[in-house]
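The values are calculated or read from the model by the stated rules, or taken from the named source; none is laboratory data. The model shown is predicted, which means the values in this text are computed figures rather than measured ones. Counting neighbours? That spans all protein chains shown, and the Cβs are built from the backbone with ideal geometry, glycine included. The accessibility values were calculated without ligands, DNA or RNA, using every heavy atom of the protein model including side chains. Shrake-Rupley method; radii C 1.70, N 1.55, O 1.52, S 1.80 Å.
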Amino acid sequence: MKFIHWKELSDEQKNIRLKKVFGATAVVFIVIIVLLLMRCEGCSNDSTKRKRDFGDGKGHSYGEEISGADIFNDEYGKGFEDYTLVDSQTDIDAEQKRKIEEEVLAKKTLEEAESKKAAEEAAEKELAAKELAEKKAKEEAERKALEEEKAKKIAEQKAKQAAKEEAKKAEEAKLKKQKADAEKARKAEAKKLAEEKRIAEEKIAAEKAAEEKRLAEEAAKKSLEAARKKAEEDKLAEERSKAKLDDIAKRLAETSSEAEKQKLLEEGVKLAEELAKSGIENDAAHYINAQDAQKKKDYKRALTELEKAIKLNESNYLYYYDMGKLQYMLRRYEDAQGSFLHSIQLNNKFPPSVYNLGLTYVKLNNEEKALESFKKSVTINPDYEKGYIEQARVYNRQGKLEECVYAYDKMINMFPENTSAIMELGSVYYQYGKYEESETQYKKALTKLSKSEEKTLTLYNLSKVLYDDEKYEEAASYGWNAYDERDFLLNDAQQANITYNYALIQEKLGKTDEAIKLYNEALQLNPTHIKTKINLSALYMTKENPDTDKAMLLLAEAYKTNSEDFSINNNLGTAYMQKENYSMAVSFYKAALAIKNDDEDALFNLANAQVKNGDLAEAVSNFTRVTSKNPENLEAFVGLAKVQLQTGDAQGSYKNLLYVRGKNPSFRKAEVDSLIALIEDSL
């Protein structure tokens, strides 16, 4: 249902609706009046009627204003109950009848009013619907008229626009045709001019081309001639460079002068760089570069350069020779062997290849093949010194002293100024315990040497030979000379060895204070020199007033460096004996014997430590081992006899003491005699 606002109604519609509202209001008002009259009839002041008690809350009190809303909203619903008292049943019935009639009349009146209202509302709705329909129809007609008018205007505008566009197209077509005609004429004129120009240009170009061709042919002839000359010059220069490089390569292999080698290398590298810039690959250039890289210890580059040289020229024996040397330096001995053999196949008259093959066989533990190669090298070149000395070294390693000495003598006779061979022969004699012969060779070498590192080392070696030959005074003389000239040695460790050697000789000569001073000096040069620490610790413990703490400090440092050294463990045992820590002494003596289980001194020391530590049974056992090993060790027999007395073996003790008296009656005579007397008194 659609609602219509008051302002949308026409004046006629508004009057009709106002009349309906006023009519309905009047009907309602009448009904309310009637109902009020009916309800309040029982509330009159008639004295014949019984007064009502309104205390039950169901009625209303006098003077209360009543409204229609109160009646219709009463909680008791339809109608009212009349509580007016009557005197008889007849009166009651008549009253009831009257009430019913009034109610029926009121109801009928109300229904008629409602029916009339409903009819009016229906008529009003019908009128409103009719008016609404008429309004809609009118609006629809107006809308259609407007749309038709609008469509008509649009059609007129389109027609006008189409006409304008058509006229415009016609004008444009006309202009286009005029323009096309003008362009066609222009092109025809341009084509004519272009054709004329082309003909003229072709003529000029033909003349120019002919001239250029002539000039180009002349230039080509000149360029070709120049290129031919340059190529010939470049080829000659290349050939000269290659020949020069080949010559440098050969001279490098032959010269023994380092200065000459350096000069040749610098010249060769420069030539190789020039060839490389020209884009020319040359095997000799790669060989020179390999030599330069090897000198700079860039062995990887040296190998690469040699591989390039060999790839360009597989018939050059020098390339394989140098390849073998590099492989030897890199400890690739199998590869080196192959390279040297290949070099020899290409040139079997080149001693260095044969000699280096011998050195390679040494590394491969094939001494016979090595000896064969060294002999072959001197067969090729009898003046090849290195071949002789290596033969002697092979014989020495094989333990063939006679052949070794013969090889050295032969070489020394051929090359009397070769002091290295003389000193090596002296070392070989020393190795075999032939001190006199060794001494002779070292003294012979000294006559040929001026002050130098080599001479200092020879003095040092000679002093060691004399020391071992128990020529201590003479050893001290040469030891002093080596010590005095130690500054020729740039290596602190070598200087420490020479200082230690001289200290050892001084100690042997009983010059303890001088020895201690020299040992300390050696430690300043080389703080890790273990032998110095061992010997110095022993001197500190054997002084008149032993300095055991210093000795133990030195031995502790040495022990950290090498805990498996026999002397360190033995000396630590002695130090703990002086400190009266006998259990530790026993421990270190046992450690020393675990390293050298047959050492008599360590076994004797252990037995004494065990006596002090109360390990008497073990002491007896170890003293017995010493006396069994060495029947001349009377100290061990006395020690054993004393322990046997403590363990109750008087007969065993008596027997050992009699043995000592029989061997040497003056040995510890007072002590031995008193012990024998004591045992005899108790028997």
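Quick notes on this structure:
- Flag if ILE280 is buried (at least 16 other Cβ atoms within 10 Å of the Cβ) and not hydroxyl-bearing (Ser, Thr, Tyr): no
- Positions within the stretch 653-683 being closer than 19 Å to ALA607 by Cβ and not in a helix (DSSP H, G or I), in sequence order: PHE667, ARG668
- Residue check, ALA575 in contact (Cβ under 8 Å) with a residue 24 or more places away in the chain, more than 27 Å from VAL672 (Cβ to Cβ) and under 60 Å from the mean Cα position of the chain (by Cα): yes
- Verdict on GLU385 being of a type outside the set (A, V, I, L, M), at pLDDT below 95 and under 19 Å from ALA253 (Cβ atoms): yes
- Taken over the stretch 574-599, the criterion of being open to solvent by less than 50 Å² (accessible area, probe 1.4 Å) and more than 13 Å from ASN613 (Cβ to Cβ) is satisfied by THR574, ALA575, ALA591, ALA592, LEU593, ASP599.
- Filter result (over 27 Å from SER450 (Cβ atoms) and open to solvent by 30 Å² or more (accessible area, probe 1.4 Å)) within the stretch 396-422: ASN396, ARG397, GLN398, GLY399, LYS400, LEU401, GLU402, GLU403, TYR406
- Where helices (runs of 4 or more DSSP H) fall entirely within the stretch 423-522, none has at least 1 residues that are out of contact with any helix residue (DSSP H, G or I) (no Cβ under 8 Å at 6 or more places or on another chain) and buried (at least 17 other Cβ atoms within 10 Å of the Cβ).
- Of all residues making up the stretch 106-132, the number that are hydroxyl-bearing (Ser, Thr, Tyr) and either at pLDDT below 80 or touching a Phe, Trp or Tyr at 6+ places or on another chain (Cβ under 7 Å) (or both): 1
- Residue check for PHE374: within 21 Å of TYR408 (Cα to Cα), buried (at least 22 other Cβ atoms within 10 Å of the Cβ) and not small (Gly, Ala, Ser): yes
- Among residues of the stretch 385-422, those that are assigned to a loop (DSSP other than H, G, I, E, B) and polar (S, T, N, Q), counted: 2
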